[in-house]
Amino acid sequence: MECISVFDMLKIGIGPSSSHTLGPWRAAERWIKHLNNSNLFEKITSIKVDLYGSLSLTGKGHATDLAVILGLSGKDPETIPVDTIDAIINKVKTSNQLNFNSQKNIEFENSKSIVFNRDFLPYHSNGIKFTGYKDDKVISSEIYYSIGGGFVVQEERTISKKKDKLYNKFPFPIQNAKELEEYCKKENTSISEIVLKNELSLKSEKEIDSELSRIWDTMLECMYLGCHTEGVLPGGLNVRRRAYDMHQKLIDENASYNNPNEWIKTIRNTEVKFRQILKWVSCFALSVNEVNASLGRVVTAPTNGSAGVIPAVLMYYLVIENHDANFNEIKKFLLVAGEIGSIVKKGATISAAMGGCQAEIGVSSAMAAGALTELLGGTPEQVLMASEIAMEHHLGLTCDPIGGLVQIPCIERNAMGAIKAINAAELALESDVKNAKVPFDNVIATMWKTSLDMNTKYKETSEGGLAVSVNISDC
């Protein structure tokens, strides 16, 4: 059993897509590491990158080619200054040279060095091949697969034990929701406590707190930036940012604040009628995914395309439900959310290219619903029930981005997923779990079966749904 950490599920990176941007970026880094380990890096004089399947079909809209260039340039998606990205890309395109791993310049003509192949590789729909040449001779060729949420694998690694990964190291190894529930009963404790004990087998509590703080700070800064940035999103769809306009209408016109934490205090003083709550939650979700769509820095939760749901629901708790909440509540929320996501990943998928949008928005909504339920006093059984409710009502949701851009319908879907998560939590809290008919594990299994049955054109290929019924030229 592979141990999936909360920090595997919640990664900091650049938008717009964890599978099409962050994954290829990380794959480039891994190839460079392979070249160094094989003493081949210094011999490389040119590179060719082949994108396959969904990476090819929607790669332009997802900035896959740009992510590959940044990864091959040795830039880190967690730390790269976002405002330097355009300059780096333009320099490569105009000079036809790449500063390979920030160490040496090599030949790299963008239109020829990155090839978009429409055919699919057999293992996974998100395939990427790096080929390195010494003059005209191939000296390295490696294929990687971006399987969602920024996770990257090679096919042969599924055959043998992954020696560099931890197996059964957790004191409470969890494969499914039933096992998690049983651990909670046996230990008479909450889900967040079980998850924390697992994480403590990998990191100290100080390290865990530091990383979770960094994740939350990134989420909060992303919402703050999105709510205070006006204009039109890049890509050609001419989508106007809506979070800015919504925020202007919701915030007190005399409000004064200078940073995200002061902003939270200000929002707590605003009107909190039902309609305003709906608007605030939607505003938070939209803000994150507008930042994501403009190649901003977000947290995969569990993916970039669904990055707005979890911060929006957590922000709802902080500004509406509990004004006295502090880092302890944030920590519990993120621990529970990460564990719910890892269970779905083990039992199904978090890749829209494999399972449609049910595997992204559906999973993020389930993660947020379960986490909110624990903060609101729910039992472990109610937490899992809330996750089941949220996931169940996203089953069959297709991935059909117009123009391959993570904008329409992706941004709005985050707002809908956040609202559903809150509703799912309330339904679970008002329910007797003894009367529950559908276990969370069954919904996960159903989602996977639905993924296998779903037509490929509804799996992030821009060949079906809204992607073909709405022309980019009409936007």
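The values are calculated or read from the model by the stated rules, or taken from the named source; none is laboratory data. None of the values given here were measured: they were computed from a predicted structure. Here the Cβ positions follow ideal geometry from the backbone for every residue, glycine too, while neighbour counts run over all protein chains shown. Protein only, heavy atoms only, side chains kept; ligands, DNA and RNA dropped before computing areas. Shrake-Rupley method; radii C 1.70, N 1.55, O 1.52, S 1.80 Å.
I'd like the accessible area for residue 394: 1.4 Å probe, protein heavy atoms, all chains in place, Å² to the nearest 10.
10 Å²
Pick out, from 120, 468, 294, the residue whose Cα sits farthest towards the positive end of the charge dipole of the chain, with +1 on the Cβ of Lys and Arg and -1 on the Cβ of Asp and Glu.
120
State in Å² the accessible area per residue of segment 430-475; use a 1.4 Å probe, count heavy atoms of protein chains only, and round to the nearest integer. Don't skip to the answer; put the middle values down first.
Numbers: 2920 Å² over 46 residues.
Counting only protein heavy atoms, the per-residue value for segment 430-475 is 63 Å².
To the nearest 20 Debye, how big is the dipole of segment 47-117 about its Cα centre, given +1 on the beta carbon of each Lys and Arg and -1 on that of each Asp and Glu?
Taking the Cα centre of segment 47-117 as origin, the dipole is about 200 debye.
Size of the dipole of segment 147-280 about the Cα centre, Lys and Arg at +1 and Asp and Glu at -1 on the beta carbon, nothing else charged, in debye to 20?
On the way: 22 positive and 21 negative charges, 75 e Å.
Taking the Cα centre of segment 147-280 as origin, the dipole is about 360 debye.
Please give the charge dipole size of the chain, origin at the Cα centre, charges +1 on K and R Cβ atoms and -1 on D and E Cβ atoms. Round to the nearest 20 debye.
Working: 50 positive and 57 negative charges, 199 e Å.
For this selection, approximately 960 debye.
Report the convex hull volume per residue for segment 331-414, counting only C-alpha atoms, in Å³.
On the way: hull volume 7.4 nm³, N = 84.
Looking at segment 331-414, the number lands at 88 Å³ per residue.
With a 1.4 Å probe and every protein chain left in place, work out the accessible area per residue of segment 1-93 in Å², rounded to a whole number. Each step should come with its number before you reach the end.
On the way: 2960 Å² over 93 residues.
So segment 1-93 comes to 32 Å² accessible per residue, rounded to a whole number.
Applying a 10 Å radius around every beta-carbon, put 271-279, 291-299 in order of their mean neighbour count, most first. If you can, show how the numbers build up before the last one.
Numbers: 271-279: 12.1, 291-299: 25.6.
The packing order, highest mean first, is 291-299, 271-279.
From the phi angles alone, apply the Karplus equation (6.51, -1.76, 1.60; θ = phi - 60°) to segment 444-451 and give each ³J(HN,Hα) in whole Hz, x where the residue is Gly or Pro.
4, 4, 5, 4, 5, 5, 4, 4
Expressed as a whole percent, how much of the Cα-Cα distance distribution for segment 101-247 exceeds 17 Å?
Of the Cα pairs, 80 percent sit more than 17 Å apart.
Suppose R0 equals 60 Å. What FRET efficiency, 1/(1 + (r/R0)^6) with r the Cβ-Cβ distance, do residue 33 and residue 188 give to the nearest 0.05? Don't skip to the end; give the middle numbers.
Values: r = 44 Å, r/R0 = 0.73.
Plugging the Cβ-Cβ distance into 1/(1 + (r/R0)^6) gives 0.85.
Run the accessible area of the chain with a 1.4 Å probe and give the carbon-and-sulfur part as a rounded percent. Provide the component values of the computation, followed by the final result.
Values: 9180 of 19540 Å².
In the chain, the share of accessible area belonging to carbon and sulfur is 47 percent.
Ranked from highest to lowest mean number of other Cβ atoms within 10 Å per residue, what is the order of the peptides 200-209, 13-22, 29-38? Before the final figure, lay out the partial values.
Working: 200-209: 13.2, 13-22: 31.6, 29-38: 16.5.
In decreasing order of mean packing, 200-209, 13-22, 29-38 become 13-22, 29-38, 200-209.
Give me the extension gain from residue 136 to residue 395: residue separation times 0.36 nm, minus the current Cα-Cα distance, reported in nm with one decimal. Before the final figure, lay out each step's value.
Numbers: separation 259, 0.36 × 259 = 93.24 nm, distance 4.91 nm.
Full-extension gain reported as 88.3 nm.
Where does each of 247-258, 211-222 land if you order them by average Cβ count within 10 Å, highest first? Can you show the working numbers first?
On the way: 247-258: 12.1, 211-222: 19.7.
Packing order, densest peptide first, comes out as 211-222, 247-258.
Which whole-Hz couplings ³J(HN,Hα) result when phi for each residue of segment 268-277 is put into the Karplus expression 6.51 cos²θ - 1.76 cosθ + 1.60, θ = phi - 60°, listed in order with x for Gly and Pro?
4, 8, 7, 5, 10, 5, 3, 5, 5, 4
Determine the per residue accessible area of segment 381-428 with all protein chains present and a 1.4 angstrom probe, expressed in square angstrom.
Result: 29 Å² per residue.
With equal scatterers on the alpha carbons only and no solvent term, can you work out the Debye log10 of I(q)/I(0) for segment 23-162 at 0.08, 0.15 1/Å?
Once normalised to I(0) and log-transformed, intensities are -0.19, -0.71.
In segment 56-147, what trypsin sites (Lys or Arg not before Pro) fall in a loop by DSSP, with at most 16 other Cβ atoms inside 10 Å?
Values: sites: 60, 75, 91, 93, 104, 112, 118, 129, 134, 137; in loops: 60, 75, 118.
In loop regions of segment 56-147 (DSSP not H, G, I, E or B), the sparsely surrounded trypsin sites (Lys or Arg not before Pro) are 118.
For segment 301-354, list log₁₀ I(q)/I(0) at each q in 0.13 Å⁻¹, using the Debye formula over Cα point scatterers of equal strength and ignoring solvent, two decimals each.
Calculated log10 I(q)/I(0) at the listed q: -0.38.
For residue 115, which sequence-distant residues (separation of 5 or more, or a different chain) have an amide H within less than 5 Å of its own amide H, given hydrogens modelled in the peptide plane?
49, 50, 51
What do you get for GluC sites (Glu not before Pro) in segment 370-475 restricted to DSSP loop and a cutoff of at most 13 other Cβ within 10 Å of the site's Cβ?
On the way: sites: 374, 381, 388, 392, 412, 426, 430, 460, 463; in loops: 430, 460, 463.
When the GluC sites (Glu not before Pro) of segment 370-475 are filtered for loop state and at most 13 Cβ neighbours within 10 Å, 430 remain.
Rounded if a/c is under 1.5, else prolate if a/b is larger than b/c, else oblate: which is segment 266-397, with a ≥ b ≥ c the root eigenvalues of its Cα gyration tensor?
Working: a/c = 1.78, a/b = 1.25, b/c = 1.42.
Note, shape of segment 266-397 comes out oblate.
Could you order 7, 120, 327 by accessible surface area, starting with the largest, using a probe radius of 1.4 Å? Working shown, then result.
Details: 7 30, 120 85, 327 60 Å².
My answer, sorted largest first, is 120, 327, 7.
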